[in-house]
Amino acid sequence: DGETGEMCFEDPYVRGYINLPEQTKEAFVDGYFHSGDLAKKDESGNYVILGRRDDMIKINGNRIEPAEIEAAFKAVLGLDWAAVRGFEEGGKSFLCAYYKEDVSFDAGQLRRELGRRLPYYMIPAYFLKIDEIPLKASGKLDRRALPRPEAGSFHTDYAAPETETQKKLCEAFAKALGLEQVGIHDDFYELGGDSLSAISLITECDLPNLTSSQVFLGRTPEKVAELYDKRMEETGGKSADERNAESIARPHPLTAEQTYMVNYQLYTPFSTMYNLFTMMKLDKELYDMEKACAVMKEVIMAHPALLTTYYWNDDGVLMQKFSPEIFEELHVEHLTEFELKYVKDTLVYPFKIIGGRMFRCRIFETE
């Protein structure tokens with residue numbers, strides 16, 4: 001109920017299409033006639049026809065029913081007729097909405113109104129007025145005959161950048177979206193942007209430390225520039241990696257969960273309840289054990305939590321700090337299978353919760 005699906009009928013009076021075996025095979029499956037119509041059940045128990053299965057559009061990984069967009073488009077502008085078609089260009093997908101009546105509207109405002117009714121990926125990038133509706137011989141809409149839109153039929157009124165940050169963002173927006181020009185009020189996602197093109201935008205943009213969250217929250221070059229400039233002022237222009245390194249180097253108080261764990265371990269020093277352990281078996285013919293040690297060291301050093309120690313400060317408060325000096329070099333230990341069998345039982349034992357390491361790793365090689 002409420003979910004969209006294909007309307008199918010169990011019809012004992014119809015066996016297929018006359019002299020059309022291929023269509024019969026496709027439409028009549030397991031005793032059911034597959035109509036090709038998409039429908040859903042409303043709150044009153046009535047079936048609502050949404051359109052044809054063949055009309056489904058896939059935009060950047062999202063399956064879209066054009067009828068839903070067309071209904072919203074008509075409702076916002078008060079249109080009697082509308083159609084939507086999907087296109088691909090340069091590896092990107094976008095939507096175009098078509099109308100026939102003489103109406104005037106601001107594209108940016110229209111997208112904002114549609115955004116109140118539809119998710120961002122269902123908002124058309126183009127709005128195109130056509131004189132004639134292309135029809136098939138059956139009288140139905142020939143969706144594939146709807147014309148491809150030309151660049152410029154989707155922008156808001158162009159507003160030029162006023163600051164250097166806005167200028168760089170407008171250029172990056174245009175390059176990431178494959179457009180000739182983007183103004184400071186143009187919405188990145190309404191122009192067809194997605195998570196992948198957002199990454200491309202950040203890579204191409206000549207603004208150090210620009211983040212995907214700033215693009216997502218700001219959406220337009222003007223607002224993204226505000227978020228970016230404010231953040232750069234607050235951080236003194238330091239990168240996220242630099243700020244993260246400074247934060248890691250500082251001691252921090254324990255969280256409530258960590259404090260509970262430490263207290264439990266102090267009261268039950270022989271408990272291994274909080275130990276998380278695993279053993280992996282590698283084929284030494286496929287893996288170089290010495291390289292495995294080097295790789296494991298890189299992994300450990302890249303995760304400060306694995307080299308964190310707990311301690312009491314002068315005020316008697318439990319603190320934690322990043323302590324890279326506690327890292328112990330890994331080396332391959334050579335054992336027989338018989339020896340390993342007994343060593344395994346000794347590997348799980350309590351950690352020294354105050355001042356000790358929170359992570360242990362050993363690498364064994366058998367004959």
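Nothing in this text is a laboratory measurement; each read-out follows from the coordinates by a stated rule. This one's a predicted model, so the numbers in the text were calculated from it and none came from an experiment. Cβ sites come from the backbone with ideal geometry, for glycine too, and all protein chains shown count toward neighbours.
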The alpha-carbon pair-distance distribution computed for the chain, with 20 angstrom bins and whole-percent values, is 20, 32, 31, 17, 0
Straight-line reach check, Lys41, cutoff 13 Å on alpha carbons, 8 or more apart in-chain or any other chain, hits among aspartates and glutamates -> Asp1, Glu3, Glu6
Answer in debye to the nearest 20: the dipole magnitude of the stretch 86-227 about its Cα centre, from +1 Lys/Arg and -1 Asp/Glu charges placed on Cβ, is 660 debye
Cα-Cα longer than 32 Å, checked against Lys129/Lys175; Lys58/Lys175; Lys25/Lys129; Lys175/Lys291; Lys74/Lys136, kept in input order, equals Lys25/Lys129; Lys175/Lys291
A correct Karplus calculation of ³J(HN,Hα) over the stretch 350-367, with 6.51 cos²θ - 1.76 cosθ + 1.60, θ = phi - 60°, whole Hz and x for Gly and Pro, returns x, 8, 7, 5, 9, x, x, 6, 9, 8, 10, 8, 9, 10, 10, 10, 9, 5
Taking the dipole of the chain about the Cα centre (Lys, Arg +1; Asp, Glu -1; charges at Cβ), the one of Val262, Tyr17, Leu79 that reaches farthest to the positive side is Val262
With x for Gly and Pro, the residue-by-residue ³J(HN,Hα) of the stretch 292-297, computed from phi through the Karplus equation 6.51 cos²θ - 1.76 cosθ + 1.60 at θ = phi - 60° and given in whole Hz, is 4, 5, 5, 5, 4, 4
Flagged as over-length at 18 Å C-alpha distance, from Lys40/Lys100; Lys100/Lys140; Lys168/Lys223, the pairs are Lys40/Lys100
Length gained if Ile354 through Glu180 is fully extended, taking 0.36 nm per residue and subtracting the Cα-Cα distance, is 56.6 nm
Residue separation between Thr366 and Ser200 times 0.36 nm, minus their alpha-carbon distance, gives in nm 55.0 nm
The farthest towards the positive end of the charge dipole of the stretch 57-145, of the residues Ala107, Ile69, Ala97, given +1 on Cβ of Lys and Arg and -1 on Cβ of Asp and Glu, is Ile69
On the formula 1/(1 + (r/R0)^6), with r taken between the Cβ atoms of Leu276 and Val317 and R0 of 22 Å, the FRET efficiency rounded to 0.05 is 0.25
Taking R0 as 30 Å and r as the Cβ-Cβ distance between Phe28 and Ser138, the FRET efficiency 1/(1 + (r/R0)^6), rounded to the nearest 0.05, comes to 0.90
Contour minus Cα-Cα span, Lys100 to Glu10, at 0.36 nm per residue, comes to 28.5 nm
If every Lys and Arg gets +1 and every Asp and Glu gets -1 at its Cβ, then about the Cα centre the chain yields a dipole, in debye to the nearest 20, of 360 debye
Final fewest-first order of Leu135, Leu146, Leu340, Leu201 on the 10 Å Cβ neighbour count is Leu135, Leu340, Leu146, Leu201
Any aspartates and glutamates whose Cα falls less than 19 Å from that of Lys344, other than same-chain ones fewer than 8 residues away, would be Asp283, Glu333, Glu365, Glu367
Gyration tensor on Cα atoms of the stretch 57-145, a ≥ b ≥ c root eigenvalues, a/c under 1.5 rounded, else prolate if a/b beats b/c, else oblate, says oblate
If Arg143, Arg63 are placed from fewest to most neighbouring beta carbons inside 10 Å, the sequence is Arg63, Arg143
The size of the Cβ-based charge dipole (Lys, Arg +1; Asp, Glu -1) of the stretch 165-235 about the Cα centre, to the nearest 20 debye, is 100 debye
